[in-house]
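Below you'll find the structure, written out as structure tokens, and then a few comments.
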Amino acid sequence: MESRRKLRINGHSHLLPYPEEIPQFMQDKEIFWVDKDRKFMLQKDWNRPITDSSFFLDEKLAWMERFNIDHAVVLNLSQLYGNGLRVEEMRKALRFQNDFNAKAQRENPSKFTCGFVVHPGFVDGACWEIERCVNELGMQLLCLPTHYMDTIGTWRCIFDEENEPIFELANKYNLAVEIHPYDGEKFIKLENTSWRFHLIWMLAQCADAYHFLTLNGYQDKYPNMRTCFAHGGQLAQINLGRRIQGFDGRPDLFEGKSHPRKAVGHKNIFFDTLVHDTGGLQLLIKNQGSKQVLMGLDDPYPLGEMESAQQSSYPGKILDLAMEQKIISETERDAIWEDNVIQWLCGDDEAAKKKLVNRILG
């Protein structure tokens, strides 16, 4: 078999609909919309500047070509987790997001693998939507928030035992799962200032979700479900020793739970590279092993690995620096860009892996 060049697959990307693609009810109900000049994304009492043209499809394709990115894994938009919406509005909004992502994948199969999102507060509806997205839309990546609001307005962690029917379906369908933080300012009682929820609390939200995934032993209970934590699960890495000591020191608080050590480096738990510095990446790789790390650019957000003169940055810079500093080898770098992303998406299904590679190669 002749060898082919290594692929560059971005395992953490986002895509905004063009303003005219967003249904009118989304703006009428102030759920989510984009202004006609494509300068802002908006929700009720909230807006955020669109900082790069590659938020949109054609511009993203051009951006990917410019940086030699063969394929991107497109997650849902964090603004569309549906927390706090009335059930019918939530259902329609999430369905719009999933149909939009499915269309992007269907029309650009060599360029995108897209995820779908469900709301865990309504488990039956979430399971129905998983069935629809997998069986009708051909999607294989389930996007879940680290935390969600339940039907009585209480905030819960995604790896609450009430959500096991969702994980059973993910296991049945051999799904990749992405865990991404958002909405921290809705339940952490601090003033939303100096971008603290994006810079600090999002990472704590990931660490909290990782805490409960591993305590419940879901990485072994659901062997066909592979979970990736956004932003390197960064605080989970520095926090390992404290969790292990807490488990050992207060066993009365963890009856029937799984030891944190059992999850370290587990083949079903992945983390993306988006930790912003090689020290963070080195700790991630030291803890989990390079095989559990996959490329994540979080483009086109300004906290993503974007081209920036100010930071002399570009997509893929952290891996190039890590190679220079001998944190990873060239083989490990190539695997983080390709093999590890494919392993997360497909697991041990060799036919699915081959199909995905053929789809990317067109």
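Worth a mention:
- Measuring spread by the Cα atoms of the stretch 9-361 yields a radius of gyration and Dmax of 19.2, 57 Å.
- Taking every DSSP beta bridge that has both ends in the stretch 1-151, the antiparallel portion is near 40%.
- Relative contact order, percent, the stretch 218-296 [alpha-carbon distance under 8 Å, six or more residues apart]: 40
- Cα-derived Rg to Rh of the stretch 56-213, Kirkwood definition: 0.98
- Probe 1.4 Å - accessible area at Lys103, Å² to nearest ten: 80
- In loop segments of the stretch 124-167 as defined by DSSP, the GluC sites (Glu not before Pro) with at most 15 further C-beta atoms inside 10 Å of their C-beta are Glu136.
- Beta bridge orientation in the stretch 109-238: antiparallel %, DSSP, nearest 5: 20
- Fluctuation leader among Met139, Met64, Met225 - the chain, Gaussian network, Cα springs under 10 angstrom: Met64
- Surface share of carbon and sulfur [accessible, 1.4 angstrom probe, percent] for the stretch 141-255: 54
- The spacing between the stretch 25-48 and the stretch 278-345, judged by their C-alpha centroids, is 33 Å.
- Here the accessible area of the stretch 75-130 is 53 percent carbon and sulfur, with a 1.4 angstrom probe and all protein chains present.
- Between Ile152, Ile269, Ile238, the Gaussian network model of the chain with springs among Cα atoms under 10 angstrom shows the greatest mean-square fluctuation at Ile152.
- For the chain: relative contact order, % (alpha-carbon pairs under 8 angstrom, 6 or more apart): 16
- Projecting the Cα atoms of Met323, Leu284, Gln245 onto the charge dipole of the stretch 238-362 (Cβ charges, centred on the Cα centre) puts Gln245 farthest toward the positive pole.
- Among Phe159, Val264, Pro145 - extreme Cα towards positive end, dipole of the stretch 9-361, charges at beta-carbon: Val264
- Structure note, pairs Lys29/Lys60; Lys6/Lys111; Lys29/Lys92; Lys111/Lys326; Lys221/Lys355; Lys60/Lys355: Cα-Cα distances above 22 angstrom occur for Lys29/Lys60; Lys111/Lys326; Lys221/Lys355; Lys60/Lys355.
- For the stretch 1-94, the set of trypsin sites (Lys or Arg not before Pro) satisfying both a DSSP loop assignment and a count of at most 14 other C-beta atoms within 10 Å is given as Arg4, Arg5, Lys36, Lys39, Lys44, Arg86.
- Rolling a 1.4 Å probe across the protein heavy atoms gives the stretch 9-361 an accessible surface of 44 Å² per residue.
- Taking the Cα centre of the stretch 226-344 as reference, the dipole from Cβ charges on Lys and Arg (+1) and Asp and Glu (-1) amounts to some 740 debye.
- Cleavage-rule hits (trypsin sites (Lys or Arg not before Pro)) in the stretch 146-249: DSSP loop, at most 16 neighbouring Cβ within 10 angstrom: Lys189
- Under 22 Å of direct C-alpha separation, and excluding same-chain neighbours fewer than eight residues apart, Lys189 reaches these lysines: Lys44.
The values are calculated or read from the model by the stated rules, or taken from the named source; none is laboratory data. Note that the structure is a prediction, hence the values are computed from the model and not measured. When we count neighbours, we look across all protein chains shown, and the Cβ atoms used for this are built from the backbone with ideal geometry, even at glycine. To get the accessible areas, we keep the full protein, side chains included, count just its heavy atoms, and leave off ligands, DNA and RNA. Shrake-Rupley method; radii C 1.70, N 1.55, O 1.52, S 1.80 Å.
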